[in-house]
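Have a look at the structure below before the remarks.
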Amino acid sequence: MKTETRPSFMILALACACQFMVILDASIVNVALPTVQRDLGFTTTGLAWVVNGYLLTFAGFMLLGGRAADLFGHRRMLTAGLFLFSASSLVGGLATAPEILVAARLVQGAGAAMLAPATLAVINTSFPEGAARARAFGAWSASGGVGGMAGALAGGAITTGLSWRWVFLINVPIGAVLIAVAMTSLYGTRAVRRESLDLAGAVTGTAGLAALIYGVMQGALWSVGAGLVLLAAFVVVEARFARQPMMPLRLFRIRGVAVGGGLLLLFGGIAIAMWYFSSMFLQNTLGFSALQAGLGQTPAAVTFMVVARLVPRVSARSLLLAGSACFLAGFGWLAQADATSGYLAGVLGPTLLIAVGIGLTFPTLMAAATADVPEGDAGTVGGLAQTASQVGGSVGLAVLATFADYDHVFLVAAGLGVAIAAVSLLLPRTGPS
């Protein structure tokens, strides 16, 4: 018993630590954006690419990263992703021009696309389906809450007391430690498969996602059209020509995979509205400093972390409906806030409600979207689930950024909460999530 428990604990700790680092980086960047803009001379449009560049490659390469994890081994891909993520963080922290920082964020997103599906795959293959896996997903999701909390605090403190550069450089020592742990604890967790990579599917799928996301971000209809054409070609390749497809279409016959992926698209827009736009509201409307904004988001991060641990105790549908109610109430409340509302009455209450909704919803969706999946496809489905979430966040950021005021941003996010409630009814009727 001891020989099995210890590796399982180490694997879960590693997966949670990787998720912590990815979310830490995102939350730190959100708080530091105004300072980055002033220091490097970003335009308002260019500043969005500090976030969008990461989302573009993260979402665009996620399917490829997930399939590569299944083919070449979870340990290899997780370690390679950690190295690329850490190295690009070093370049970003030393950037002297907007172009260098954006380029570093693009590479960092590619590293995350290799890393993230592998963490989900090792959880899926290391814990039996049911309560044990649900608890593991709850811990994995809660680690994101810890990362959000630490990022909100550390981002404000580092930006105010040291420099925004350290919000990137902090990933370097963390990544080095995690690489050492991965090299030892993941040995033999997933055998390498004797299959070739579906190059045609990889090219059409990755290019299609990237073109679609870029087009939405930039409002370029030609890029959106090219992305849709490439994704259509990807489906044809996978269905008709690929002998060993990168994304086996048979997986969409699993209702949790299909419906869960659609729900994660909607959820991505809600998450970006919560963390990105609430941070900007605190600094641009209420006049908070970066440190104050970080402290202001900490209660919501703590709430998400705590609530995520409750996921295994209630059915999936009930959790999603309760989470949607929190989104509707929280964003509706937040939409009423203005410069005269103050933090306690205008921001704290609604963000706590929204955080409860995120804590109920995110781990539930990840568990639903990866349930009943063959072990050999765990990385692929993990990549699909995270691709859906990231595409939703990227499209959500691009669409919500077109609104001139925050009240419309938060009202649209409330509408996404209603949509999640409606679509969640299509999930299979199951017991505890």
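The values are calculated or read from the model by the stated rules, or taken from the named source; none is laboratory data. Just so we're clear, the structure is a prediction, and the values are computed from it rather than from any experiment. Every residue, glycine as well, gets a Cβ built from its backbone with ideal geometry; the counts of neighbours run over all protein chains shown.
Yes or no: region 370-387 includes at least one residue that is free of Cβ contacts under 8 Å to residues at least 12 places away in the same chain and either in the same structural domain as Ser279 (by TED's automatic domain parsing) or closer than 24 Å to Ile23 by Cα (or both).
Within region 370-387, one or more residues are free of Cβ contacts under 8 Å to residues at least 12 places away in the same chain and either in the same structural domain as Ser279 (by TED's automatic domain parsing) or closer than 24 Å to Ile23 by Cα (or both).
With the requirement that a residue be assigned to a helix (DSSP H, G or I), out of contact with any Ser or Thr (no Cβ under 8 Å at 6 or more places or on another chain) and closer than 28 Å to Thr119 by Cα, what does region 306-326 give you?
Listed by number, the residues that qualify are Val306, Val307, Arg313, Ser318, Ala322.
Taking the options Ala316, Ala369, name whichever one is in contact with a strand residue (DSSP E or B) (Cβ under 9 Å, 6 or more places away or on another chain) and hydrophobic (A, V, I, L, M, F, W, C).
The conditions single out Ala316.
Of Val51, Val36, Val107, Val29, which residue is touching a residue at least 40 places away in the same chain (Cβ under 8 Å), aliphatic (A, V, I, L, M), buried (at least 18 other Cβ atoms within 10 Å of the Cβ) and out of contact with any Leu (no Cβ under 8 Å at 6 or more places or on another chain)? Walk me through it before giving the result.
Details: Val51 fails: out of contact with any Leu (no Cβ under 8 Å at 6 or more places or on another chain); Val36 fails: out of contact with any Leu (no Cβ under 8 Å at 6 or more places or on another chain); Val107 fails: out of contact with any Leu (no Cβ under 8 Å at 6 or more places or on another chain).
None of the others qualify; the one that does is Val29.
Based on this model, can you work out whether Ala154 counts as part of a helix (DSSP H, G or I) and buried (at least 23 other Cβ atoms within 10 Å of the Cβ)?
So Ala154 fails the test.
Tally the residues that are surrounded by 19 or more Cβ atoms within 10 Å (Cβ to Cβ) and of a type in the set (Gly, Ala, Ser), restricting the search to region 218-239.
1
Does region 396-404 contain at least one residue that is surrounded by fewer than 16 Cβ atoms within 10 Å (Cβ to Cβ), touching a helix residue (DSSP H, G or I) at 6+ places or on another chain (Cβ under 9 Å) and modelled with pLDDT of 85 or more?
Within region 396-404, none of the residues are surrounded by fewer than 16 Cβ atoms within 10 Å (Cβ to Cβ), touching a helix residue (DSSP H, G or I) at 6+ places or on another chain (Cβ under 9 Å) and modelled with pLDDT of 85 or more.
Looking at region 334-352, which of its residues are surrounded by fewer than 21 Cβ atoms within 10 Å (Cβ to Cβ), part of a helix (DSSP H, G or I) and hydrophobic (A, V, I, L, M, F, W, C)?
Within region 334-352, Leu344, Ala345, Leu348, Leu352 meet the criteria.
What number of residues within region 54-80 satisfy the criterion of being within 26 Å of Ala271 (Cα to Cα) and free of Cβ contacts under 8 Å to residues at least 60 places away in the same chain?
We begin by selecting, within region 54-80, every residue within 26 Å of Ala271 (Cα to Cα); these are 54-67, 78.
Among the residues that remain, those that are also free of Cβ contacts under 8 Å to residues at least 60 places away in the same chain are: 54.
Adding up the residues that qualify gives 1.
Select from region 196-215 the residues that are crowded, with 22+ Cβ neighbours inside 10 Å and aliphatic (A, V, I, L, M) and list them in ascending order.
Leu209, Ala211, Leu212, Ile213
I'd like to verify a number: residues in region 240-262 that are in contact with a Pro (Cβ under 8 Å, 6 or more places away or on another chain) and surrounded by fewer than 17 Cβ atoms within 10 Å (Cβ to Cβ), how many?
Residues flagged as in contact with a Pro (Cβ under 8 Å, 6 or more places away or on another chain) and surrounded by fewer than 17 Cβ atoms within 10 Å (Cβ to Cβ) within region 240-262 amount to 1.
Please state which of the following conditions Ser315 fails to meet, knowing it meets all the rest: (1) over 23 Å from Ala385 (Cβ atoms); (2) surrounded by fewer than 17 Cβ atoms within 10 Å (Cβ to Cβ); (3) touching a residue at least 24 places away in the same chain (Cβ under 8 Å).
Unmet condition: (1).
With (1) modelled with pLDDT of 85 or more; (2) surrounded by fewer than 21 Cβ atoms within 10 Å (Cβ to Cβ); (3) in contact with a His (Cβ under 9 Å, 6 or more places away or on another chain) as the list, and Val172 as the residue in question, which single condition is left unmet?
Exception for Val172: condition (3).
Looking for whichever is touching a residue at least 40 places away in the same chain (Cβ under 8 Å) and under 18 Å from Trp140 (Cβ atoms) here; the options are Phe267, Phe327. Which one fits?
Criteria check complete, one pass: Phe267.
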